[in-house]
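Peer 1: Provided herewith is a single structure, encoded as structure tokens, for subsequent inquiry.
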Amino acid sequence: MASLGTRAFGAFFRLLGADRPLRSTEAAETFLNDLTLRPASYAPPKKLGAPVDIRIMHSHPWPVYEVTPENGPCNGVVFYVHGGAWALEIQAAQWKLVAEVAAKAQTRVIVPIYPLLPRGSATDVVERIASLTRDAVAAYGADNVSLWGDSAGGQISLSAALLLRDDGIAVRSTVLVAPAVDLTFTNPAIADVERVDPLLKAPGIRVAANLWRGDLDIRDPRVSPLHGDLTGLGRLEIFSGTRDITNPDTRLLVEKARASGVSVNYHEGRDLIHVTVVLPTKDGRSIRKSIVDALRVASSPQR
């Protein structure tokens, strides 16, 4: 059962009409157009709320940030791919989440600022994330490298993990928080969840997903990783809430991964909503602690 704080946020989002931009095709098209006309900043806030160092690396086609703990050893490398319907820049709350994980897990978190709709597409972005991860594996070994993504970033992270698996690389873990894993959004169970989800609606998400796929089929694993062969992946750590329209397909992912012999640690929260991980609630804190635990690597310090 969701905590009182999480339920209050859900009620607030519903009162606010937070799902309005996704209620219809027309609303979503207007929303996406406005984001293109008035792009938001991806810069991290000056105060991240955790003792970390942050720098930007200029040796890549995109801005790529590195967040490391301010004091103590730095173990492991984590690639964080932010969510936001493939159209929203990384938010302050997500930056603070990154900082908290880097500090508490004593790990290096790499944050690629990937191109969004309409410039970005699954074809280019998934391969680039996989390429960055390959470089880290070559430097530190697959046992010290993880992928982590929420929502749309979960789709990108899992799709990248599948590309790496095709190259014979199984990263230590892939952490998925409220991931979008089937961009068709045709699972019949979604309709029941949609009625109680205060944030996401399938019509608008389908508009973004159709643009994000580019020239790929919507069921291509680079777009909808649920449709891929999951055999040979490293451990999956998956978080989902039952008031989130991504939940029905996440359940299918868990079943399929386990049937494929993949180690899965699944955390499902009754009545939790899509953004619970960043909320200042008991549920949000619990998920963040579990993410830290999943990404903490007991290995030799890396600098």
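Peer 1: Phe13 versus (1) surrounded by 15 or more Cβ atoms within 10 Å (Cβ to Cβ); (2) free of Cβ contacts under 8 Å to residues at least 12 places away in the same chain: which is the lone unmet condition?
Peer 2: For Phe13, the failing item is (2).
Peer 1: Still on this structure: Which condition number does Val175 fail, the rest of (1) in contact with a Phe, Trp or Tyr (Cβ under 6 Å, 6 or more places away or on another chain); (2) open to solvent by 10 Å² or more (accessible area, probe 1.4 Å); (3) of a type outside the set (Phe, Trp, Tyr) being met?
Peer 2: The single condition Val175 does not satisfy is (2).
Peer 1: Do any residues in segment 52-64 that are at negative phi have Cβ atoms under 9 Å from those of residues that are open to solvent by 70 Å² or more (accessible area, probe 1.4 Å) and not aliphatic (A, V, I, L, M), where the two are at least six apart or on different chains, and which pairs are they?
Peer 2: Val52/Glu70; Asp53/Glu70; His60/Arg128; Pro61/Arg128; Trp62/Arg128; Pro63/Tyr42; Val64/His58
Peer 1: If we scan segment 164-172, do we find a residue that is farther than 22 Å from Ser131 by Cβ, crowded, with 20+ Cβ neighbours inside 10 Å and among the hydrophobic types (A, V, I, L, M, F, W, C)?
Peer 2: Residues of segment 164-172 farther than 22 Å from Ser131 by Cβ: none.
No, every residue in segment 164-172 fails to be farther than 22 Å from Ser131 by Cβ, crowded, with 20+ Cβ neighbours inside 10 Å and among the hydrophobic types (A, V, I, L, M, F, W, C).
Peer 1: I'd like to check something: does segment 70-77 contain any residue that is in contact with a Phe, Trp or Tyr (Cβ under 7 Å, 6 or more places away or on another chain) and open to solvent by less than 20 Å² (accessible area, probe 1.4 Å)?
Peer 2: Just the residues of segment 70-77 that are in contact with a Phe, Trp or Tyr (Cβ under 7 Å, 6 or more places away or on another chain), to begin with: 77.
The next check asks that each one be open to solvent by less than 20 Å² (accessible area, probe 1.4 Å); those that pass are 77.
Looking through segment 70-77, at least one residue is in contact with a Phe, Trp or Tyr (Cβ under 7 Å, 6 or more places away or on another chain) and open to solvent by less than 20 Å² (accessible area, probe 1.4 Å).
Peer 1: Among the residues of segment 66-81, are any part of a loop (DSSP other than H, G, I, E, B), modelled with pLDDT of 95 or more and within 20 Å of the chain's Cα centre (by Cα)?
Peer 2: Restricting attention to segment 66-81, the residues satisfying the condition of being part of a loop (DSSP other than H, G, I, E, B) are 70-76.
From what is left, the residues that are modelled with pLDDT of 95 or more are none.
Within segment 66-81 (the criterion being part of a loop (DSSP other than H, G, I, E, B), modelled with pLDDT of 95 or more and within 20 Å of the chain's Cα centre (by Cα)), the answer is no, since none of the residues qualifies.
Conditions tested, residue by residue: (1) within 30 Å of Tyr140 (Cβ to Cβ); (2) assigned to a loop (DSSP other than H, G, I, E, B); (3) at pLDDT 95 or above.
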{"position": "Leu252", "(1), (2), (3)": "no, no, yes"}
{"position": "Ala257", "(1), (2), (3)": "yes, no, yes"}
{"position": "Val262", "(1), (2), (3)": "yes, yes, yes"}
{"position": "Ile273", "(1), (2), (3)": "no, yes, yes"}
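Here is a yes/no grid of residues against (1) buried (at least 17 other Cβ atoms within 10 Å of the Cβ); (2) over 22 Å from Ile129 (Cβ atoms); (3) among the hydrophobic types (A, V, I, L, M, F, W, C):
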residue: Ile218; (1), (2), (3): yes, no, yes
residue: Pro221; (1), (2), (3): yes, no, no
residue: Glu237; (1), (2), (3): yes, no, no
residue: Thr246; (1), (2), (3): yes, no, no
residue: Ala259; (1), (2), (3): no, yes, yes
residue: His267; (1), (2), (3): no, yes, no
residue: Val277; (1), (2), (3): yes, no, yes
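Peer 1: Taking His60 as meeting all but one of (1) modelled with pLDDT under 95; (2) open to solvent by less than 60 Å² (accessible area, probe 1.4 Å); (3) within 22 Å of Asp215 (Cα to Cα), write down the number of the exception.
Peer 2: (3)
Peer 1: Pairs needed: first member in segment 95-115, over 20 Å from Pro63 (Cβ atoms) and without any contact (Cβ under 8 Å) to a residue 60 or more places away in the chain; second member anywhere, surrounded by fewer than 21 Cβ atoms within 10 Å (Cβ to Cβ) and not hydrophobic (A, V, I, L, M, F, W, C); C-beta distance under 7 Å; at least 6 residues apart or different chains.
Peer 2: As it stands, the answer is Ala103/Pro51, since those pairs meet every condition given.
Peer 1: Restricted to segment 78-107, and to residues that are out of contact with any Ser or Thr (no Cβ under 9 Å at 6 or more places or on another chain) and charged (D, E, K, R), which residue is most open to solvent (accessible area, probe 1.4 Å)?
Peer 2: Among those residues, the one meeting the criterion is Lys104.
Peer 1: Sort out which residues of segment 222-244 are assigned to a loop (DSSP other than H, G, I, E, B) and more than 16 Å from the chain's Cα centre (by Cα), and write them in order of number. Show your work before the answer.
Peer 2: Let us first name the residues in segment 222-244 that are assigned to a loop (DSSP other than H, G, I, E, B), namely 222-224, 228-234, 242-244.
Residues satisfying the conditions are Gly228, Asp229, Leu230, Thr231, Gly232, Leu233, Gly234, Thr242, Arg243.
The values are calculated or read from the model by the stated rules, or taken from the named source; none is laboratory data. Quick caveat, the model's predicted, so the values are computed rather than measured. When we count neighbours, we look across all protein chains shown, and the Cβ atoms used for this are built from the backbone with ideal geometry, even at glycine. Accessible surface is based on the protein model in full, side chains and every heavy atom, while ligands, DNA and RNA are left aside. Shrake-Rupley method; radii C 1.70, N 1.55, O 1.52, S 1.80 Å.
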